[in-house]
Structure formats: structure tokens, C-alpha cells
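Please treat every number below as a calculation from the coordinates, not as lab data. In this text the structure is predicted, and so the values were computed from the model without any measurement. Cβ coordinates were reconstructed from backbone atoms using ideal geometry, including for glycine residues, and neighbour counts include every protein chain displayed.
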Amino acid sequence: MSTRARVTQIEPPATTGGNALLVLVGLGVAFLLITALLGATKAGGSLFNESNLLYVALIFYAGAGALYMGFGVTGTAKYVKYASICTAIGFVANTLAVAHRWYLSGRPPFASIYEMLLSFVWTLALLTLIAEKKFGVKIIGSITMPLAVVCVILMQLLPSEVRPLVPALQSTWLHVHVTLAMLSYATCAVSFALAMMFLIKDDFSTDLFLAWTSTLVTGIYLGIVVTRFERWGGLSVTAWDAQNKTDVFLGRGVRLFVTIPDLGWLFVIALLGALTPLALYFLARARHDDSYLAVANKAVFVGILLQLVVLGAFVLRVRDSSYASPFQDGLYPTSLAASPFILGGMVAAIFASLLYLMLLWRRSDLQDLLPSGDTLDRVTYKTICIAFPLLTGMIATGAFWANRTWGSYWSWDPKETWAAITWLVYAGYLHMRVTRGWRGRRAAYFAILGFGVVIFTFLGVTYLLPGLHAYA
Amino acid sequence: MAFAVLSIPKRIYRTLANLRTGVVLLILVVIASALGTFVLQRPVTEPDKLQAAYSPQILRWLDRLTLTDIFHSWWFLSLLALVSLSIIFVSVERFPNSWRFYARPYRKTDSHFRAANPHKVEIPIRNADQGLNAAERALKKLRWPVERIVDNGEASLYSEKHRFSVMAVYLIHASLLLIFLGGIIDGVFGFSGFMSIPQGQQRNTIELKNGKMKQLPFSVRCNSAGQEDYADGSPKKWWSKLAVVDDGRETQTKEIVVNDPLVYHGLRFYQASYWIDGKKVDGLRIAYSGLDSKAIPLELRFNQPVNLDPETTVTLIEYMPDAFVRDGQVFKKSDSIENLAFALEVVDHANNSTAKVWLFPAEHNVVGAENVKFQFQNPTAAKDIDFSPVTGLEVSYEPGQWFVWAGCLLMGVGLFVAFYTVHMRIWAVELADAQGKLVLWIGGTSNKNKDRFEQKFSAVVAEIRNELDTNTPAARPLVQEKKERPELTMAGTK
């Protein structure tokens, strides 16, 4: 419990019992559905194909996300109910998309990062619905749905065609191994969301949330600027081969980068926008003056606007344009599909900031909606008790399969190593909880750390580190 | 001083048996492994890639610090050894207590325990034994195993489920040690390497990962090998038909594919790759024509004569990847595929004459066919030549893997028991409450999942109340009670 005075807050908008947002989201969903339907009819072919279904799922997940956010801003409890319905419809569409892909390829969709994300989102939505209905954690969707939306957007950009399985993947163990992986990763995601909920319920101070949100957003933009900022203010992105729908490669594994002029500066500005609240937070800490925090909260708001501008500029300039490359002569086309992780990172940053605003304005309403801290703590522990054996099974079946394919059950491949690290982190959580009696805050931090490692194992290792586990 | 010297091993033991030390060791393992994924590792990276990634000076330092081969470095292995020791010592430290708890369950409550117990209920009863009898019936009805304990003439009930759950944690830690043991056995006795076998030949040496050659006590022959493609040209399947030749006898045959190795005396042969080196040819599709000069397709297999007419046979007898002609003679130039040459032996059984005809597809040239009544044409496309394939096999010997799999299974069982079975206990005893009235005290505990246990406990209590209300008519005379006694002891000993 924090004994300090509560943070000075921005005046929350007046609580209206209105249906304005409901109507708005309903109209938005209807509009997007009709546009999609028109587009699909024009393009011809079956209406119920996987990409259309996935698009429907995306629309409904986004609708659910908007309603959870709307609840955050207006405090209308009714929104949560409709958000849950949206999640359920999105889940049905998602299920059909999985089924369709499975039917077409004749095998479960587990063979590429796209298919993994498809299964991951499906499991995540399922677990969200279970957590809502069974454990009464009504607003868990406000964390898992944005996550689902980011994943589906990433999927729209990743290569999605059904590829035949290379010989190493033709094994029953593929399905067992990946099913276990997806189940455990999604369970870890839910435990993360529950741990966040616990921190909200447990009066984890709002200004610390401010600090961590700003750190996350700063980290994302810092990562982009450090790796992609070019001299004279450009931003480098991967060139896109429109014909083959792949990135352009100079050599094996070496992508061709092009530079979009001036866009780099915008990212630097957004980075500064994310840094400002963080700096103000530390200033408030150093001077013991909470008035800085009020400014910091306003800065978060401004930061979101900046991020939206940068996102818009990025989307407009990357989509269907051509730019020069410093490495090779000529102009090369770009596509959003060639920068899925920049885009995913930006969307995630916006969601994180919005979640913070929701917390800032509607904390007490959120707390009222949540079950007791004790329950949240226990349910977090229970989800990890489910995730941990699944994780163990995933590693064991992976080792067994590797033994049948490569002749060695453990070769310290980065993916293997990071899976083992994830396992050790959760093992640490369990030991601390069982033998040291860690409860509440410390356990929640551990659960959040664990999910961070899971994300790195799932996506980070595939894209950042070399290794055998190249397909996903 | 002797005392201090003696205490050193003890102090080491104490340190390692401390959970905190274990956690510090695990953190170190995590940091080291993470480092091993960020720094390129020599065993899995091509040398030139390493040189491209790091400057020579940095690479020298990385090598010196063994950071380019962390997972086989002495310090990482020692770290794992310390973790194992820590697991063993922590378990040794805690096991006696757990075992005492397991072997001699706490059956009879005392007042301190009753006061501290989190789940408890007191129900007023009218006379002695009425409460215990009702509780016994209720627990039996809800399928709880019940024990009636009589100690110093004082009777009480004890009921428990899933006591083994408390020992699961040792199972998990033992399974981890078993997996480590498997890894150590393979590190010491195991080996892995590569062997390539051209189709139709046999080999008995493998090239180990460290570049050394190892002789096997038997040979492996590749009877045939091949590749199948998807419609888009990407490989779908590689296969090899292998035979093990031991002591000159063929002892085992198997067609292996990528996920399905051949196993012989603990050695496993995996299909790892497949290629064509052009050094050998199995067959040829060409065309020939006789006097009427009509071209007839002809398929030849190596060393297998084919009849062209009743008295003439032709056989594919020789192949050179790179050949040249000088003064009507054919000579081999090199082993690389440059200028292919095929020799056909044409035997005329009527004249008893033999001719050697050479085909040079690259030059569209036929040499030595002057005295033959048939004309031979060169193969026209690459697919008309059946080059002999070579199969690449990954060979590994991992005697410790069975410990690893046993460990994995054991861990699965251990985790299931540890997480999903709950040790639940319920006690019941009749005693006098603060006012001196007779009450039935019921208490219970579980080692995890408290909220679920609370429900079960409430159900038991409700059932006991139910039994007390319905099955015990008010103010029964003592005679009735005597009648009930034998019935109860029977139930108790069941």
C-alpha cells in the first residue's frame, strides 16, 4: 500500500450513461464489415475464405478493444458486456479461419510464424472468454484484446500462403509440440494480464504505471530509432518485392534496405514525446513534487497524439511507394508487409498508452469491477500452474522431435535455450511462491517478467537470433 | 584450527543446501545461457561468418573468455554441476521432514493445532459418540476414507486424500537429475558425426564433429536413395534404403526418411541430406536405329545387357565424368563433370565380334561405331542420364537419451501430481466447548487450492449436520447406543 498522496489527475470526462460509443462502435463494425463484404464480392471467390474470416475476427476484436477502452474513458459498465459479446463473435470467426486453413492444407496450422500467430490469437481469445466467464475477471480483455489485435495486424502483413512442409516438419510431433507451445504461451499471456489486473486492484501506484508505460513506449521507439534512423533524418525500411510478395534480399539472409526521407525525424519526435513523461516522473521523484506528475499525464496524452501522427505518416509513406537504397542503384518499392514489427511495435505502444489513460481516469471503476486481489493473485498462480506443465511438455516433445530429426535432443539452439530460460523463470516463480511464500506484488512482477521472456522466446528469437528453429 | 578445517565441507554443504544459493545459481545459468544465444557459438557457426561478425581482436578475446563456446566451457558445465549438487543437497535437507510427515501422518489433533486450524466448525451434540458416528457416516457417504483413532480411551476420526501429493516435489527434482545424468552420459560416451554413402556402396567410417574419423564395427550400405519434390519444386521427401552389413551378413534393412532413422546397436542413422556428385551413373536413356534408320528408344542399366536383335546385345559398361579422345582412343581427364562419356559394349553373337562405342553427349559425338550395324544416338537431356545419388547420414550414439526420456516422463507425472492433486485432511473429535457443552469439532487442511478445499469442507460439514439431524432421533436412550456399537466397530475396521 502506498502511503503517498494520490497523484493529481487530469479531470476525467464526465460519466455518461449514454450509448454513444456503443452506437459508434456498432456503426464502425458494420461499416467495416460492409466494406469488407463489398471488397470481397468484387474480388470474387468464396466469401468464407480464411483471410475474410480473419478480417472479420480482427474487426470484432478491435471492436471489443474499443469498447473496453470506451469503458475506461466513460466508466459505462454496459460496454464491458458488449465487449465480451464482440470477443465471442471474433472468436467464432477466428475459429472458422483456423478450421478453413486446416481444411485447405490438410494439416493443423502450425508451420510458420503466421500460422503460429493464428493459433496463438485463437487460444488467447478462448482463454479470455474462460477467464471472464469462469473466474469473473471481466476486464481481462482490455489487455488481451489489444494484444490479439496487434497479433492479427502482424498476421495481415506476414506472408500467409500455405507452404508445403519441408521434410523436417513432417512429423506428428510437430503438432504435439506446437499445440503445447501455443497453449502455454497463451496461458502465460493470460497470467500476465491477470498479474496486471492484480497490480491495478492492489493500488499499485498510478505514477509507477506511468513510469513503466513510458519506459515501454520509449523502449519501442528507441529500438526503432537506434536500428532504423538514417543520417539526414531518414528511416530505413526493408524493400519489398511486390511480385513474389517477399522482402528483397541482397544475399542469403541479408535484406535490402531503402531510406524514406525525413520520416526518421518524426520517430525521434515521438521518442521525445515518450521520454517527456518519463523525465517528468523522475523529476517529480527527485523534487518530491507531485505537480510534475500532472504535467506528465498531460504529456502522455500529447504523446499518444504524436504517436498517432507518426503512425499515420508511416502507413501513408510506406504503403505503395518507392524509395532509393544506399546499397544499390534504383528505386525499390516498399510495403507495410515488409515492416511488420515496426508497425506492430507502434500499435502496441499506442495501446499501452491508452491503457494507461484508462487506468488514470477510471481506476476506481476498474477496481470495483475486479474480483478481490486475493482471488486475482490465486488465479494468476493457477494459470501459471497450468502454463508450467505445458511449457515442460513443449520442451520435452521438442527435444524428442529434434532427436528424431537432427539426431540430438539438445543442441543449445537459441530457441531451445530461450525456452529453457522461460522454464527456469517460471520455475523460479513457483519456488519463490511455494517455499518463500511470495504473494501479491512480488509474485505479480515475476509473472510479468515471465511473459516478457515468453514474448522474446516466441518472436524475438525468431527474428533477432540465428538458429535451426528457422520456420517459427 | 582442526575444527575450522573440518567445517569447510560442512559449510559448502550448508551453502549449497540453501535455497537462496540455488536461486543465485539459476540466475547465473540464465545469464550465461542468454549470453550464449547472443554471441555466435563456434560449434554451430561457420568460421568465416564468425570472422565477418567480429573483429579479429574481439574474436580473440571472446575465444579466450570461452564465450564462443559457452555451452561446452568448463565453467558452464561446473555451474550445471553446482545446480545439480544444490538440488541434491536441498532435497537431502528437506526430505527427512517430508518423509516423517508422509510416513507418520498427523492423525490426532491437539488443542494448539485445533486453535490454529484455518477450516473448522463446532456442532453441538447431545451425547457421546453421536457426533463421531454421524461424521463417519457422512464422510463415507462422500467417499472419504475414514479412520477411527482411539488413543487413551479418547476416540477421534481422521480422513485424508492424496497424501502422496506432498512427495511429488522430490519426484520432479529427481527427474531433473535423471535428465542431467542422461546429458552427462552422452557427453562422456556419446558421439555424433556424418557419413556419406554413394548409392550401391558401403561405408564403415564416420566423420565426427571434431573432424576425427571413427571406425564402426559394421558397415552400412546404401541400396538406393532419392528425393521427391512438391509441385513448386521445393523438396518434399528424402529417402534412403539402407542395409547393415555385420560380419559379412546383411543383418538389418530399412528405408529411412527425414524423421525416421535406422537404429542398430544404439547407433542411429538419420537422413540428413541427399545429393548427386556425378561420379557414377546407374542408367541411360538413348535411342538407336538399325538399317531402316528408324529411331527406337533404348533404356540401359549399368552392366545389364539388352538385346537389340536376336544376335546382338548392348551393355552400358563404362562412364567418365570428364573424357577426351586422342587418336581414336578415349582417356579420362578429371573427376569433375565436364565432358561426359559413356561406353557401350556391343556384342554380335553371330560373328562373335565385340565393339566398344563411346557416346559424348556434350560434343554430340559418337566414337568407335564404324563396324557396328546399329547407330547409337547421344542422350539429349540431363534427365536421360540417371546419375547415382549419394545419401548423407547423420550418425549419433546417445546411450544417455533413455535417462532423458525417463526423466521427462517422470517429470510429467511429478508435475501432474504436484499441481493437480491436493493433499486434503479432515479431523473430527468430540470435546467440551468453552461453556462445557459437548460439541463435535471438525477441522480440515489442504496443501494447495484452498478455495476449492473450502467448498469440499463445507460439503462435508453440511453432510454431517444432515446426518445428525435425520439419522439420530432426539434423546435416544443409552440402550440404543449399545446396540449401535458393534455396527460401528465393524465399519471402523473395514
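Please compute the alpha carbon radius of gyration of chain A, then divide it by the globular-protein estimate 2.2 N^0.38 Å. Two decimals is fine.
0.99
Quick one: divide the alpha-carbon radius of gyration of chain B by 2.2 N^0.38 Å and tell me what you get.
Rg over 2.2 N^0.38 Å, computed on Cα atoms: 1.76.
Return one quarter of the surface area of the convex hull spanned by the alpha-carbon atoms of segment B:9-102, equal to its mean projected area, in nm².
Seen from a random direction, the Cα hull of segment B:9-102 projects 7.8 nm² on average.
For B:29-38, what's the mean count of beta carbons from other chains sitting within 10 Å of each residue's beta carbon? Please report the intermediate quantities before stating the final value.
Numbers: counts 3, 8, 1, 1, 8, 6, 1, 3, 13, 3.
Per residue, the average neighbour count from other chains is 5.
Among A:410, A:232, which comes first, then next, by fewest other beta-carbon atoms within 10 Å?
Final ranking by Cβ density, sparse to dense: A:232, A:410.
With a 10 Å radius around each residue's Cβ, average the other Cβ atoms per peptide and rank B:414-424, B:140-150, highest first.
Values: B:414-424: 19.4, B:140-150: 14.2.
Final packing ranking: B:414-424, B:140-150.
Non-local amide H neighbours of residue B:201 (under 5 Å, H modeled in plane, Pro and chain starts lacking H): which ones?
Result for residue B:201 returns B:222.
Considering every residue in B:183-193, what mean count of other chain Cβ atoms within 10 Å of its Cβ is obtained?
For this peptide, the per-residue mean of nearby foreign Cβ atoms is 1.
Filter B:241/B:383; A:133/A:298; B:212/B:333; B:241/B:279 down to the pairs with a C-alpha to C-alpha distance above 28 Å, please.
A:133/A:298; B:212/B:333
When ranked by the protection proxy of mean other Cβ atoms within 10 Å per residue, highest first, what sequence do the peptides B:59-70, A:118-129 form?
Put in order of decreasing packing, that is A:118-129, B:59-70.
Under the definition of Cα pairs under 8 Å and six or more residues apart, what whole-number percent is the relative contact order of chain A?
20 percent
Using only the Cα atoms of segment B:151-239, what are the Rg and Dmax in Å?
Looking at segment B:151-239, its Cα Rg and Dmax stand at 27.8, 87 Å.
For segment B:280-387, what's the relative contact order in percent, using C-alpha pairs closer than 8 Å and at least 6 residues apart?
Working: 233 pairs, mean separation 29.4, N = 108.
Worked out over segment B:280-387, it gives 27 percent.
Need the list of aspartates and glutamates near residue B:141 for cross-linking: C-alpha distance under 17 angstrom, and skip anything on the same chain fewer than eight residues off.
Straight-distance partners of residue B:141: B:160, B:463, B:467, B:469, B:487.
Would you please name the trypsin sites (Lys or Arg not before Pro) within segment A:271-358 that are DSSP coil residues with at most 16 other C-beta atoms within 10 Å of their C-beta?
A:319
Add -39500 (n - 2.57) for each DSSP H run of 4 or more in the protein assembly as shown, then divide by its residues: what number comes out at 222 nm, to the nearest 500 deg cm²/dmol?
Taken over the protein assembly as shown, the calculation gives -18000 deg cm²/dmol.
At a 10 angstrom cut-off on C-beta neighbours, averaged per residue, how do the peptides B:73-85, B:208-220, B:334-346 rank from highest to lowest?
B:334-346, B:73-85, B:208-220
What average count of beta carbons from other chains do you get within 10 Å of the Cβ of residues in B:223-233?
Whole-number average of other-chain Cβ neighbours for B:223-233 is 1.
Which helices, counted as full DSSP H runs in chain B, have an axial Cα extent of no less than 20 Å and a Kyte-Doolittle average of -1.0 or above?
Long hydrophobic helices here: B:2-16, B:19-38, B:74-103, B:168-189, B:401-420, B:450-470, B:478-493.
Tell me the relative contact order for segment B:335-465 as a rounded percent, counting alpha carbon contacts under 8 Å between residues six or more apart. Write down the numbers at each step before the final one.
Values: 110 pairs, mean separation 14.5, N = 131.
Relative contact order of segment B:335-465: 11 percent.
Give the lysines reachable from residue B:450 as a straight Cα distance under 16 Å; neighbours fewer than 8 places away on the same chain don't count.
A:382, B:120, B:161
Name the GluC sites (Glu not before Pro) in segment B:236-311 that are in a loop by DSSP and that have at most 12 other C-beta atoms within 10 Å, would you?
Here the sparse-neighbourhood loop sites are B:311.
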